[in-house]
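K.L.:
Here it is, the structure in full.
The values are calculated or read from the model by the stated rules, or taken from the named source; none is laboratory data. Note that the structure is a prediction, hence the values are computed from the model and not measured. So basically every Cβ, Gly included, is an ideal-geometry build from the backbone, and we count neighbours across all protein chains shown. Protein only, heavy atoms only, side chains kept; ligands, DNA and RNA dropped before computing areas. Shrake-Rupley method; radii C 1.70, N 1.55, O 1.52, S 1.80 Å.
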Amino acid sequence: MPDLLSTAFWVAVGQIVLIDILLGGDNAVVIALACRGLPAKQRKLGILYGTAGAILLRVTLIAFALTLLAIPYLKLAGGLLLIGIGVKLLVPQQAHDGGHVQSSDKLWAAVRTVILADLVMSMDNVLAIAAAAGGAGRHELTLVIFGLLVSIPIIVGGSQLVLKLMDRFPVIVTFGGMLLGWIAGQMMYTDAGMAEFVPHLKTWEYAAAAAGALLVLAIGKTAQTRKVLAGSP
């Protein structure tokens, strides 16, 4: 059992919670984007199930954080996948698309989207959490689980707030999709396999992130236009 009276334990817990607060903003946006198409009664379930699945997955990834981040082209593939998720979340689902889909199917589809996006986005986050937990010596996994559990209400509350804002200001959906593109661009630029091909400059990294955001916006808007034209009489 961890020493609950140990200063090192609580410092590590505080660091993990802080990391989750700072890095949890994008997770809240993803959860809100994925759940915005659910019926009002299922939104909370989608947020809870998606958050729980993402947290469990993140705990599993902690043990392999250093190895995963060192695999060449893994972050590149993850970035491409994240761009696809961002585009998908930008394109509105028309009524006839979901006419034969049960509410429960929509719920689990949203949960799968949340978990998949979090899997891709967490590769950098888990490294920071693993480093914070390692500072307390033993019981690193206990620290990770405890810290993530403490952060769950923050992520859930943030997701619900973003959902309400999306209902009132739909343009937030566009910015949310672009955020995923921004993260994807950064991931691909910092991939271990790309190190010898790109300059190690923050300016270039930000340029790659901006390119990812604009790519999601361009593809998403094109897909939206085609859907509208396809649905026109």
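K.L.:
Could you list, ordered by first residue, the pairs with Cβ atoms under 6 Å in which the first is in region 59-78 and open to solvent by less than 70 Å² (accessible area, probe 1.4 Å) and the second is at pLDDT 80 or above, at least 6 apart or interchain?
P.N.:
Once the first residue is open to solvent by less than 70 Å² (accessible area, probe 1.4 Å) and sits in region 59-78, its partners that are at pLDDT 80 or above give ALA70/ALA192; LYS75/MET187; LYS75/ASP191; LEU76/MET188; LEU76/ASP191; GLY78/MET187.
K.L.:
To continue, here is another question. Within region 160-176, is there a residue that is surrounded by 22 or more Cβ atoms within 10 Å (Cβ to Cβ), at pLDDT 80 or above and farther than 30 Å from PRO72 by Cα?
P.N.:
Within region 160-176, one or more residues are surrounded by 22 or more Cβ atoms within 10 Å (Cβ to Cβ), at pLDDT 80 or above and farther than 30 Å from PRO72 by Cα.
K.L.:
For LEU76, all conditions in the list (1) part of a helix (DSSP H, G or I); (2) modelled with pLDDT of 65 or more; (3) within 24 Å of PRO170 (Cα to Cα); (4) not β-branched (Val, Ile, Thr) hold save one; what is the number of the exception?
P.N.:
Only one criterion in (1) part of a helix (DSSP H, G or I); (2) modelled with pLDDT of 65 or more; (3) within 24 Å of PRO170 (Cα to Cα); (4) not β-branched (Val, Ile, Thr) is unmet by LEU76, namely (3).
K.L.:
Moving on to the next point. Among the residues of region 190-199, is any among the small types (Gly, Ala, Ser), more than 17 Å from MET121 (Cβ to Cβ) and in contact (Cβ under 8 Å) with a residue 40 or more places away in the chain?
P.N.:
So in region 190-199, the residues among the small types (Gly, Ala, Ser) come out as 192-193, 195.
The next check asks that each one be more than 17 Å from MET121 (Cβ to Cβ); those that pass are 192-193, 195.
Checking which are in contact (Cβ under 8 Å) with a residue 40 or more places away in the chain leaves us with 192-193.
Yes - at least one qualifying residue is present in region 190-199.
K.L.:
Restricting the search to region 174-204, which residues are in a loop (DSSP other than H, G, I, E, B) and under 16 Å from LEU81 (Cβ atoms)? Explain how you work it out, then say what you get.
P.N.:
First pass over region 174-204, keeping only residues in a loop (DSSP other than H, G, I, E, B): 190-191, 195-201.
The answer is THR190, ASP191.
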